[in-house]
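First up is the structure itself, then whatever we jot down about it.
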Amino acid sequence: MKNNENNENNQWGEPISSGTQVVGPYFGAYGGAFIPEILYSTIEELKEEFHKAKNDPAFWEEYKALMSNYSCRPTPLTYAERLTEHFKGAKIFIKREDLNHTGAHKANNVMGQGLLVKRMGKTRVIAETGAGQHGVATATMAARFGFDCTIYMGEVDVKRQRPNVFWMERLGATVVAVKEGTRILKDAINEAMRDWVSNMDSTHYVLGTACGPHPFPEMVSYFQSIIGIEARKQILQQHGALPARVYACVGGGSNAMGIFSGFFDDPVELVGVEAGGYGLSTGQHASRLSSNDSSIGVAQGYKTYFLQNHEGQMKETHSVSAGLDYVGVSPILANFKETGRVRFEAATDKEVIEALTLSIKKEGLIPALESAHAFVQAFKEAPELSADKAIIINQSGRGDKDIFTVADAYADPAWREFIIAKAEEYHE
Ligand SMILES: *Cc1c(COP(=O)(O)O)cnc(C)c1O
């Protein structure tokens, strides 16, 4: 590790993920590319194009220019003064990925992949989506670049996430409701893979997180590393020193990889927070790295920890946040668990609503339910640290999308009345 806080080398403008810690195909024992043979040439082409782009300084400049023009980058690092006063410990800083276009860090990944699609001369993109956020981000990118777009979504999720389906369709995407299996995210991924195999020449598969076969974990982390590059520079400017700890929620692991990658070579503790659902002891959660309920396996093109039974069938997961309930997790983070570079914790649904309530009241910030998991752990630990220390929380997205879930959690009677009245309007 290099401990020089003033080393500005490579901290602005150049992605750090070219370092040895996040170069695939394997990350320790995890990762790989377990794909049908028919996909080899397409994955090979993608790998080549990605590595060419990565070694071309003009590409990163093009990416940064696109993100500053289209998605409000660099996003601010906000000092949360009233939360800091409340907890009487470390200074709390919040990285504002919620200010991206489409409301979350997902824009960083899809826009980066959009530039690669253009370089490869392809004309169609496909994607899987669970909660619908990645589907909306991909459909937005496709509209911006003029690509055809098909989004695969489990039939159950199509029903649950109608507002996002509505916007995907308005953005010009075809949304396919997948009726296979349990009709949720993992089934949508399988179906998207099938489409890719049949349409490789024209089509790029925009994977939504730092999972799947090589080069996706490395590539998605590379685009998300823009979060960490900015955050490191901002905390040095605003606080005059590195943070003691950095917190991020972990679904597939892309926003966590993004912010963590700014600090891998620094003496900074990195904390990933998973969905604890109703509590780890209930089995109703989505904690792959912070519980003992997962095991190592190969599925969906890569090797990592999965929430699976002893026969390798995927378990059902639960979380209040639709974006953190995936059964697998980034192979890069699985390796960082093993090496001890990242610590993993879980936040329960109940703790998440409490942390959300507090950030709204104290700072006027509405983090996404996903992001609020990181807030929970940071709030637990801030009082342990002295006032001269700083911590950073990655606010991966904005919470406006969660109004249905949050209003239910608050059991808000006026909201209930509003929904019923709205439904009655349709019956008239
Ligand atoms: C999708 C999503 C996540 C989870 O995905 P990661 O790949 O783990 O970052 C977290 N926060 C928000 C706001 C999301 O939309």
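The values are calculated or read from the model by the stated rules, or taken from the named source; none is laboratory data. Since we're looking at a predicted model, the values are computed, not measured. FYI the Cβ positions are ideal-geometry reconstructions off the backbone, even for glycines, and counts take in every protein chain you see. Surface accessibility is based on the protein's heavy atoms, side chains included, excluding ligands, DNA and RNA. Shrake-Rupley method; radii C 1.70, N 1.55, O 1.52, S 1.80 Å.
Here is how the numbers come out for the structure above:
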read-out	value
Accessible carbon and sulfur surface of the chain relative to its total accessible area, %, 1.4 Å	50
Partners for LYS88 among lysines (Cα-Cα distance below 19 Å; same-chain residues under 8 apart left out)	LYS361, LYS362, LYS380, LYS389
For SER290, net neighbour charge (Lys/Arg +1, Asp/Glu -1) across residues whose Cβ lies under 12 Å away	0
Of GLU417, GLU230, GLU180, the one that fluctuates the most in a GNM where the chain has Cα springs shorter than 10 Å	GLU417
Cα-based reach from LYS54 at 29 Å (exclusive), listing lysines while leaving out same-chain residues under 8 positions away	LYS2, LYS64, LYS95, LYS106, LYS118, LYS122, LYS233, LYS303, LYS337
Choice from ASN109, ASN164, ASN394 with maximal GNM fluctuation in the chain (Cα, 10 Å cutoff)	ASN164
At most 16 other Cβ within 10 Å, DSSP loop - trypsin sites (Lys or Arg not before Pro), the stretch 19-126	LYS88
Long-range Cα-Cα pairs in the chain (distance over 26 Å), rounded percent	52
Net length gained if the chain between THR123 and ILE38 were fully extended (0.36 nm per residue, minus Cα distance)	28.6 nm
Value of relative contact order over the stretch 126-194, rounded to a whole percent, pairs C-alpha under 8 Å and six or more apart	40
Area accessible to solvent at GLU311, 1.4 Å probe radius, in Å²	140
Heavy-atom accessible area per residue - the stretch 325-420, 1.4 Å, Å²	42
ASP187, ASP388, reordered so the largest accessible area comes first (probe 1.4 Å)	ASP388, ASP187
Relative counts (whole %) of C-alpha pair distances in the stretch 65-186, using bins that are 10 Å wide	13, 35, 27, 16, 8, 0
Mean Cα-pair separation over length for the stretch 71-226, i.e. relative contact order, pairs under 8 Å, 6 or more apart, %	22
Lys/Arg +1, Asp/Glu -1 at C-beta; the stretch 232-330 dipole; positive extreme among GLY297, SER287, GLY272	GLY272
Per residue accessible area in Å² of the stretch 217-320, where ligands, DNA and RNA are left out and the probe is 1.4 Å	29
Highest-MSF residue in the chain out of GLY262, GLY28, GLY121 [GNM, Cα springs under 10 Å]	GLY121
Rounded to 5, percent antiparallel among DSSP beta bridges of the chain	30
Relative contact order for the chain, counting Cα pairs under 8 Å that sit 6 or more residues apart, in percent	20
